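Everything below concerns the one structure shown next.
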Amino acid sequence: MRFVVTIQRRSGIADPEGVATTRALVDLGYTEVGGVHFGRTITVEISGDDPGEAERRVIEMCERLLANPVIEDYRVEMQS
Amino acid sequence: MRVAVVVFPGSNCEHDVVHAMSLLGAEPEVVWHRDTDLTGAAGVVLPGGFAHGDYLRTGAIARFSPVMAEVERLATAGRPVLGICNGFQILAEAGLLPGALVANRDLRFICRPVHLRVDSTASVLTRNAIPGQVLRIPLNSYEGNYVAPATDLSALEDDNRVILRYSSPDGTVADADNPNGSTNGIAGITNDAGNVAGLMPHPERASEPILGSSDGRILLESFVASLTPVPV
């Protein structure tokens, strides 16, 4: 099974990469761009045959290691 | 007094920390991150570098190293624990200090001396310093931008736990003096008990005249002076 974890900076936390990229896009002429936010995708391969249990475990992995709750939110989706 | 200087794969400042601590009369010992025996250590330093290559997030993997359970136990017991640069990042990931360190505002690795104003002497790192004192110390980092949830930030400020702030040479704190965009110009903080401290700049690199500045000595002296004997 494969789970896709999407990690995003929490709003209010500085995202200098986002700010720099917004500026770059606007400079390129995309003046309609109001904001850019960088996140990260982590794909986790899980052995086993219980998707519910596997998803619970991946969420636990996010809580413990993959995401820092001080600065990040996460989303877990199973890849079909 | 024995001080454990923890080395993770990718740490690179342990020798400078050991050298500076030795000059001040402490007995620093390098401890590998997989060692779990810190018996006899009166204090702990997590030095700078790139533990685990900063993979996933800086400090994210190091905080789970076997040695960290012992470091946390010593911190909870009130022993002096100091995180320098990457060490500060690891303490933040471990939850021993609030907040997090993210990419510098201008997305540049900063490698130059900065000025720090001592804003609180209520920590093992600053107790021997004079409030308002300005120190010239090297900064060497890409992720030195301190952020924290509003409640943690208020608590830090209200409880006088911001110990060092980026400043001008004459001690004013303004945006122009902030090299990395750190919230409120925060360069170093401490916990409630004042025994766990973290800072982004490197005091060990400003500990002797030949290094261009000895301003870091007062910080390391404070730490060494905070060490108390370990019962045998």
> If we keep just the residues of the stretch B:83-98 that are surrounded by 24 or more Cβ atoms within 10 Å (Cβ to Cβ) and either part of a loop (DSSP other than H, G, I, E, B) or free of Cβ contacts under 8 Å to residues at least 12 places away in the same chain (or both), which is farthest from the other protein chains (Cβ to nearest Cβ)?
Replying inline: B:85
>> Which of the numbered conditions does residue B:202 fail, given that it passes all the others? Conditions: (1) farther than 20 Å from residue B:161 by Cβ; (2) touching a residue at least 40 places away in the same chain (Cβ under 8 Å); (3) more than 10 Å from the chain's Cα centre (by Cα).
In response: (3)
>> Quick test for you: out of B:180, B:140, pick the one residue that is touching a Lys or Arg at 6+ places or on another chain (Cβ under 9 Å) and buried (at least 24 other Cβ atoms within 10 Å of the Cβ).
In response: B:180
>> Please go through the stretch A:44-68 and give me each residue that is surrounded by 13 or more Cβ atoms within 10 Å (Cβ to Cβ) and closer than 29 Å to residue B:153 by Cβ, ordered by number.
In response: A:59, A:61, A:62, A:65, A:66, A:67, A:68
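Of the residues A:73, A:49, only one is of a type in the set (Asp, Glu) and assigned to a strand (DSSP E or B); which?
Details: A:49 fails: assigned to a strand (DSSP E or B).
It is A:73.
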>> Looking at B:47, B:28, can you tell me which residue is open to solvent by less than 10 Å² (accessible area, probe 1.4 Å) and either at pLDDT 95 or above or touching a Lys or Arg at 6+ places or on another chain (Cβ under 9 Å) (or both)?
In response: B:47
> Looking at residue B:80, is it in contact with a helix residue (DSSP H, G or I) (Cβ under 9 Å, 6 or more places away or on another chain), closer than 25 Å to residue B:231 by Cβ and open to solvent by less than 10 Å² (accessible area, probe 1.4 Å)?
Replying inline: yes
> Which pairs do you get when a residue that is within 13 Å of another protein chain (Cβ to nearest Cβ) and more than 30 Å from residue B:214 (Cβ to Cβ), found in the stretch B:137-163, comes within reach of a residue that is assigned to a loop (DSSP other than H, G, I, E, B) and of a type in the set (S, T, N, Q), reach meaning Cβ atoms under 9 angstrom, with the pair 6+ apart or on two chains?
Replying inline: B:147/B:182
> Can you tell which of A:22, A:41 is surrounded by fewer than 17 Cβ atoms within 10 Å (Cβ to Cβ) and more than 12 Å from chain B (Cβ to nearest Cβ)?
Replying inline: A:41
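Taking the stated definitions as given, is residue B:70 under 19 Å from residue A:64 (Cα atoms) and of a type in the set (Asp, Glu)?
The answer is yes for residue B:70.
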>> Here is a check on your reading of the model: is residue B:54 open to solvent by 10 Å² or more (accessible area, probe 1.4 Å) and at negative phi?
In response: no
> Any idea which residue in the stretch A:62-80 is nearest to the other protein chains (Cβ to nearest Cβ), counting only those that are more than 18 Å from residue A:37 (Cα to Cα) and out of contact with any strand residue (DSSP E or B) (no Cβ under 7 Å at 6 or more places or on another chain)?
Replying inline: A:65
> What number of residues within the stretch B:103-124 satisfy the criterion of being open to solvent by less than 60 Å² (accessible area, probe 1.4 Å), in contact with a strand residue (DSSP E or B) (Cβ under 8 Å, 6 or more places away or on another chain), assigned to a loop (DSSP other than H, G, I, E, B) and within 14 Å of chain A (Cβ to nearest Cβ)?
Replying inline: 2
> Can you name the residue in the stretch B:183-225 that is of a type in the set (Ser, Thr, Tyr) and buried (at least 22 other Cβ atoms within 10 Å of the Cβ) and, of all such residues, is nearest to residue B:70 (Cα to Cα)?
Replying inline: B:190
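The values are calculated or read from the model by the stated rules, or taken from the named source; none is laboratory data. These numbers come from a predicted model, not from an experiment. For neighbour counting, all protein chains shown are included, and Cβ atoms are generated from backbone atoms with ideal geometry for every residue, glycine included. Calculation scope for accessible area: heavy atoms of the full protein, side chains included, ligands and nucleic acids excluded. Shrake-Rupley method; radii C 1.70, N 1.55, O 1.52, S 1.80 Å.
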